[in-house]
Amino acid sequence: MIDWTALSSQLTTPVQVTDVNTWLEQCIRPFDTVTRSPVSEALGAVSNYELFDQSSGLCMQEASCAFTNCTSGPFRDTYEPFATLGGLPFYQSVQLDPVFPVLTDEEIIEAASLSEDSQLPAAVVHPEHPGDVSAAVRFAADNGIKISVKTSGHNWMGSSTRKGTLLLNLSKLRKYALPETLSDGIFECNPVEDGDDGGIVVVEPRMGTDEHYSSESVTAACKVALARGKPAIMRAGGGQIVDEGLRAVEEWNSDPSRPPLHAMTGAAGTVSLAGGWLASGGLGGPLNMRQYGVGVDNVLYAEMVLPDGQFVRFGPSTWTPAEGNQLYPQTTSVKGYCIANDTADLSDESTWSWVDCTDQYGFDDLWFAIRGGGGGNYGVITSIYYQLHDKPGNLQQVYWPETIFRILFDQSMSTEDQATMVSEIIKFVFNFLYNPDKVGVSQDMSNSCSAPEQGMLDCYNGAGQAFVDAWVEYFGMLETAKMIGGAAPTPRLEEYSSYAAKVAPSHFNGRVQDGPKGAVLYGGDNALVIPINVLQNKFDAFMDLFIPCVFDTIEASFAGTPETGCFGAWTPYFYGGDIQFASDGTDAYPPHRRNGAMHIYVLREDAREQFKKLIWDVEENAATYSNGDFPGLYCHNHLFYSTSPKKSNWLEDCIRSTPHGSGLADDDCWSLQEAAFGTETLRRLEKIHSDIDPLRMFQTSDGPGYADGEGADTSSAGIYLTVISVFVTLSTTLVLI
């Protein structure tokens, strides 16, 4: 029996032992379709803000993530016959539709309490400072308890909850970069010549506040920022979310006396700035990632509690200048420090005293692992330092309203002409992004645009206008221009002062809907990462596959059977650009993602096979392909329990399509970790994981296992997910493609 009161006596806030009735009330009943109006909005009507504000700290973005693999847990047989309907509501208090199953409160409570599928932790701690984290970690180690870590539960794999663990919910951990506390979180960096070290750095005055802060970490982060030519840094607490960081930068920029700044973060308001989003790589389509690199490329320094309870800070200490296409200096060594007094009061930063660590923690490896190696596996980040950029002008969003639908329904055009016109629009978009010289724009303009799966480009530095101008000129030179009277279908350009300003009225300040929730999670096949070289060297072959898939997807949607179409989210997540050159040489962001142009959800097995052949240069008539260690194929930021390539034939997939079939547990299946990280990166991460966490306290469902052969958590293999698409949402407004 665990003496939780003994731990509570060491913490700012007492331990909360998990109560399934509280979980039901706070994390399940809010999704009740009966209380949501209209019912058609029930699956997305609960804001993730509403969930992580709940006192229990147990709620997940997907209600069903309280069970293994974020599916319906012990109720999967009940839901299986209805899988083609998409994400079914997890909870209804009464029967509204005879199609949807209804689970009673008693059934859900029993499953959460007794079922082997339950993923509820044993207890929850809400640490408020690193001392609380350290005490909780040491208590867990002494009592043989494993740990899970969560900020907002914004994850499709349920990686921030695990059965029987001590859950560290970081939502109350001290925050820094907030609109009301700018002086704690945003620092301008200015070099000062010194007789001993010309690289000594000071920061700007703290706008009148006398509060103490960890000046050593600020100074160290500023040194790296200045070496990169960046003007400022942002300090974010381990429990902070994108919403808070972007609003802090907005507040900074509201004062015209300050130099305007820009942060490269995620796009969803409740994504953690220092958690799973960053640890998985950190895609930020609307925040100019193709110019600045992904999240891990923008990190300068870190503070964290290690699995032995030690509180440390670390980051690059030496580097070589960027050369050639390299965007940033290349880190050559990483320096780490420990708190001088192991029993120091870590609630007061003014008392923090840093010294060289007596133990060798392998900070070079740790720096590698926390930037791309999966969150919740190597300890608990309590503070992260980001580089800030000079503001790259306004955000310009570009899209074609209704254009493709108008063309497809234009009775004056032949079917052949319709297909040709739509194809030209698609080809222009891809050339603008990956072969800009072919459409008369510079590489810099091209790199200033990117996008998630939303069908519009988010552009900076005036690149949105450059896109519109280039399209008009490109269209005028096409033979097909005469098809619609010579008038180019005009992209719409909307301009905002920033991304936060664009979304704030309905997203950040309004604290409303933030992503799909409350459903039994049925995901499409894992997205394929398409390399840049395919778009640059095999453009025509790629288009010969991509464009028919677009039409197939549209037809399936019109027919009311989107799950039979070729694509899931048929607008790709565009990356590429300078991301391939943004590494500091010491991160775990896998090569297949760093050199990726996009990822795309391909549902049809025959089409997936053809795309894979392009990726790996496989002859078209080849039936099988394998080539030693797996190079990686999936995006860890968007990973589902659904598909994984076969070891014996990479062109085929293991698919979990039956409730109790072997699926991805087959020996012939690459693990999801190997499919997302690639063999080489995964093996290094497993070694680092073993070294830093010898008691095996930290292990997530999507993270690396351990180097001695135990591998990833076996729960990662025993997965169940009906493979359908819940991503296709075609409306009357078609955007980019």
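The values are calculated or read from the model by the stated rules, or taken from the named source; none is laboratory data. This is a predicted model, so every value here is computed, not measured. When we count neighbours, we look across all protein chains shown, and the Cβ atoms used for this are built from the backbone with ideal geometry, even at glycine.
For every residue, the table says whether it meets (1) more than 30 Å from D458 (Cα to Cα); (2) more than 16 Å from the chain's Cα centre (by Cα).
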{"site": "P562", "(1), (2)": "no, yes"}
{"site": "S583", "(1), (2)": "no, yes"}
{"site": "E605", "(1), (2)": "yes, yes"}
{"site": "K612", "(1), (2)": "no, yes"}
{"site": "T624", "(1), (2)": "yes, yes"}
{"site": "F630", "(1), (2)": "yes, yes"}
{"site": "N637", "(1), (2)": "no, no"}
{"site": "W650", "(1), (2)": "yes, yes"}
Criterion violated by L614 - all others in (1) modelled with pLDDT of 90 or more; (2) surrounded by fewer than 24 Cβ atoms within 10 Å (Cβ to Cβ); (3) over 23 Å from K427 (Cβ atoms) satisfied = (3)
Matching entry among H660, H636 (being at pLDDT 90 or above and assigned by TED's automatic domain parsing to the domain that holds L603) = H636
Condition check for W367: more than 27 Å from the chain's Cα centre (by Cα), within 18 Å of A220 (Cβ to Cβ) and either assigned to a loop (DSSP other than H, G, I, E, B) or in contact (Cβ under 8 Å) with a residue 60 or more places away in the chain (or both) | no
Within the range 240-266, the residues that are touching a Gly at 6+ places or on another chain (Cβ under 7 Å) and farther than 14 Å from A501 by Cβ are I241, V242, M264, T265, G266
Pairs, first farther than 10 Å from L58 by Cβ in the range 1-27, second at pLDDT below 95 and small (G, A, S), C-beta under 6 Å, six or more apart = none
Enumeration of residues in the range 600-656 that are in a helix (DSSP H, G or I), closer than 15 Å to I530 by Cβ and without any contact (Cβ under 8 Å) to a residue 60 or more places away in the chain = E609, K613, W616
Out of (1) buried (at least 24 other Cβ atoms within 10 Å of the Cβ); (2) assigned to a helix (DSSP H, G or I); (3) at pLDDT 95 or above, the odd one out for G282 is which?
-> (2)
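When you look at K163, is it over 20 Å from the mean Cα position of the chain (by Cα) and assigned by TED's automatic domain parsing to the domain that holds V15, yes or no?
Against the criterion (over 20 Å from the mean Cα position of the chain (by Cα) and assigned by TED's automatic domain parsing to the domain that holds V15), K163 qualifies.
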Hey, any hits in the range 406-414 for a residue that's modelled with pLDDT of 85 or more and crowded, with 16+ Cβ neighbours inside 10 Å?
-> no
Going by the conditions given, is V102 assigned by TED's automatic domain parsing to the domain that holds C70 and under 20 Å from G238 (Cα atoms)?
-> no
Under 9 Å by Cβ, and 6 or more places apart or on different chains, what pairs join a residue from the range 136-157 that is closer than 22 Å to L672 by Cα with one that is of a type in the set (V, I, T) and part of a strand (DSSP E or B)?
-> I147/V380; V149/V380; V149/I381; K150/V124; H154/I241
Expected single match for surrounded by 23 or more Cβ atoms within 10 Å (Cβ to Cβ) and either modelled with pLDDT of 95 or more or in the same structural domain as F187 (by TED's automatic domain parsing) (or both) among A369, A451 is A369
For the range 340-364, how many residues meet the condition of being in contact (Cβ under 8 Å) with a residue 60 or more places away in the chain, outside any loop (DSSP other than H, G, I, E, B) and among the hydrophobic types (A, V, I, L, M, F, W, C)?
-> 1
